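Colleague: Here's a structure for you.
The values are calculated or read from the model by the stated rules, or taken from the named source; none is laboratory data. Keep in mind it's a predicted model, so treat the numbers as computed, not measured. Methodologically, a virtual Cβ is constructed for each residue, glycine included, from the backbone with ideal geometry; neighbour enumeration extends over all protein chains shown. Side chains included, ligands, DNA and RNA excluded: accessible areas come from the protein's heavy atoms. Shrake-Rupley method; radii C 1.70, N 1.55, O 1.52, S 1.80 Å.
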Amino acid sequence: MPEQRLVVDHLTVTYSGIFNITELYQLVDNFIREKGFDKRELRNQEHVTPEGKYIELELQPWKKVSDYVRHNMRVLIRMIKVKEVTIDVDGKKKKMHKGKVYVIIDGLMYTDFEGRWEQRPFYFFLRTIFDKFIYRTYTGQFEDLLVENCGQLYQTIKGYLNMHRYVSAPMKRSPRMEPGAF
Amino acid sequence: MPSDETFFQKLFSKPNEPSSEVREIPDYTSGVPDVHDEMPVGGIAPFGIIKYRGVFDLNKLYKVMVRWLKSRRFEFHEPLYRFKPPELILNWRAERKKTPFVKDIIVVNLDIRGYEEVETIVGGVKKRMVKGRLTLNLNFGNETGYADIFGQKRWNSVIERHLKSFLHRFVIKRDFELLHLDALMYETWKFHKVIKDYLRMECHGNLY
């Protein structure tokens, strides 16, 4: 069994409003690929109900940072009461969705994921000493890398959802923006 | 009473080998692997679950999945088909002999609960579709040293099994993961994408 450490615990994004499910999914997919993670889609659940769709998505992208350390991200996305809406964007009709989104991001770091240092009690003891005292700086750097990746994913999702927060509301023009103001 | 076999005879002896004195009548089976067969050496790794609740065309979904597997030279086996309304359970095992030593395996478990046939109008045409809760479980893996066409497994004796284990753990581990396991994983991703696209799920598409 590899040694597991919870580095990022429950980074949550909550949003209620207009968004596009396919774009959000592709955004996360793109991010995972850009950062060099291997995709692992544990569960993709879609229920069609009279109140709207219920979608649950559980992703666990992973990456072998070295032959001793592996990074795992747990991304849980829940979309509740999702309905299709059509909005006007710059005169063009665009298909979007309206509902509630909950995104929870966790970051886990596994050391000795191949189990080479736990075959005997002495090896296990040596591994623990190394991890806690001798290899501390390197372990800290690996943790910082994972925190950075999780934080960037959090900011990306939050930024995308905030972008659509005021899509349906008409833009209020200030007097200076009227033509012929200057 | 001590046995007559020496130490070296025991090492190279194959288990369950019939003695030369008594010859059994050979039992010819269809060769379809049992769903409860032992796990292959490479292991079958869980891949992902697709859950869909709504109305879908089961007949076409079945055809799309089977055709995809067959077009990629997989041998399609259906060890289990259990239909007891409102429950339908299908177990599929698709095998492809990649090299004389390595075989690709994709295992699909399809489970429909609350099975109900409904008539819907799609594009002005009446169609018979299925309403229910679909759970699709995909698994993939590689088997090494697979049985020949007569069903006789190789690498059976104690020393052969130890050699094979040593080969897997130390000699060909990285090459095996890179050439066979990873390639099969990406191919299973494509299969996963085809299923999601057909069911018209919102979270469809796959950059991998």
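Colleague: For A:LEU6, are the conditions met, namely being assigned to a strand (DSSP E or B) and facing chain B (nearest Cβ under 8 Å)? It would help to see each step written out before you state the result.
Modeller: Working: assigned to a strand (DSSP E or B): yes; facing chain B (nearest Cβ under 8 Å): no.
So A:LEU6 fails the test.
Colleague: Quick check, is A:ASN20 over 30 Å from A:TYR110 (Cβ atoms) and open to solvent by less than 50 Å² (accessible area, probe 1.4 Å)? Break it down into steps so the answer makes sense when it comes.
Modeller: Details: over 30 Å from A:TYR110 (Cβ atoms): yes; open to solvent by less than 50 Å² (accessible area, probe 1.4 Å): yes.
Criteria met by A:ASN20.
Colleague: Determine, yes or no, whether B:GLY132 is within 30 Å of A:PHE19 (Cβ to Cβ), among the small types (Gly, Ala, Ser), in a strand (DSSP E or B) and open to solvent by less than 20 Å² (accessible area, probe 1.4 Å).
Modeller: Numbers: within 30 Å of A:PHE19 (Cβ to Cβ): yes; among the small types (Gly, Ala, Ser): yes; in a strand (DSSP E or B): yes; open to solvent by less than 20 Å² (accessible area, probe 1.4 Å): yes.
Judged against the criteria, B:GLY132 is a match.
Colleague: Shifting gears a bit: State which residue is farthest from B:GLY48 (Cα to Cα) when the search covers only the range A:53-89 and only residues that are of a type in the set (Val, Ile, Thr) and within 14 Å of chain B (Cβ to nearest Cβ). Please lay out each step first, then the result.
Modeller: To start, the set of residues in the range A:53-89 that are of a type in the set (Val, Ile, Thr) comprises A:55, A:65, A:69, A:75, A:77, A:80, A:82, A:85-87, A:89.
Filter once more, keeping what is within 14 Å of chain B (Cβ to nearest Cβ): A:55, A:75, A:77, A:80, A:82, A:85.
Numbers: A:ILE55: 15, A:VAL75: 14, A:ILE77: 15, A:ILE80: 22, A:VAL82: 23, A:VAL85: 30 Å.
For the range A:53-89, the residue satisfying everything is A:VAL85.
Colleague: If you check B:ILE149, B:ILE105, B:ILE159, which single one turns out to be in contact with a Leu (Cβ under 8 Å, 6 or more places away or on another chain) and in contact (Cβ under 8 Å) with a residue 40 or more places away in the chain? Before you say what the answer is, go through the steps one by one.
Modeller: Values: B:ILE149 fails: in contact with a Leu (Cβ under 8 Å, 6 or more places away or on another chain); B:ILE105 fails: in contact with a Leu (Cβ under 8 Å, 6 or more places away or on another chain).
Just a single option satisfies the conditions, and that option is B:ILE159.
Colleague: Here is a further query. Can you work out which of the residues in the range B:177-196 that are more than 9 Å from every other protein chain (Cβ to nearest Cβ) and open to solvent by less than 20 Å² (accessible area, probe 1.4 Å) is farthest from B:VAL108 (Cα to Cα)?
Modeller: Looking at residues that are more than 9 Å from every other protein chain (Cβ to nearest Cβ) and open to solvent by less than 20 Å² (accessible area, probe 1.4 Å), I get B:LEU184.
Colleague: Restricting to the range A:110-126, give me the number of residues that are more than 31 Å from the chain's Cα centre (by Cα) and surrounded by 13 or more Cβ atoms within 10 Å (Cβ to Cβ).
Modeller: Going through the range A:110-126 one residue at a time, the tally reaches 5.
Colleague: Can you confirm whether B:GLU116 is at pLDDT 90 or above and open to solvent by 60 Å² or more (accessible area, probe 1.4 Å)? I'd like the intermediate steps shown before the answer.
Modeller: Working: at pLDDT 90 or above: yes; open to solvent by 60 Å² or more (accessible area, probe 1.4 Å): yes.
It is true that B:GLU116 is at pLDDT 90 or above and open to solvent by 60 Å² or more (accessible area, probe 1.4 Å).
Colleague: Kindly indicate whether B:ASN137 is outside any helix (DSSP H, G or I), open to solvent by 40 Å² or more (accessible area, probe 1.4 Å), touching a residue at least 12 places away in the same chain (Cβ under 8 Å) and away from chain A (no Cβ under 14 Å).
Modeller: Numbers: outside any helix (DSSP H, G or I): yes; open to solvent by 40 Å² or more (accessible area, probe 1.4 Å): yes; touching a residue at least 12 places away in the same chain (Cβ under 8 Å): yes; away from chain A (no Cβ under 14 Å): no.
Judged against the criteria, B:ASN137 is not a match.
Colleague: Would you please name the residue that is most open to solvent (accessible area, probe 1.4 Å), looking only at residues in the range A:38-52 that are under 17 Å from B:ARG133 (Cβ atoms) and either in contact with a Pro (Cβ under 9 Å, 6 or more places away or on another chain) or facing chain B (nearest Cβ under 7 Å) (or both)?
Modeller: My answer is A:VAL48.
Colleague: Continuing with the same structure: In the range B:197-208, what residues are within 7 Å of chain A (Cβ to nearest Cβ) and either among the hydrophobic types (A, V, I, L, M, F, W, C) or touching a Cys at 6+ places or on another chain (Cβ under 9 Å) (or both)?
Modeller: Of everything in the range B:197-208, those that are within 7 Å of chain A (Cβ to nearest Cβ) and either among the hydrophobic types (A, V, I, L, M, F, W, C) or touching a Cys at 6+ places or on another chain (Cβ under 9 Å) (or both) turn out to be B:MET201, B:CYS203, B:LEU207.
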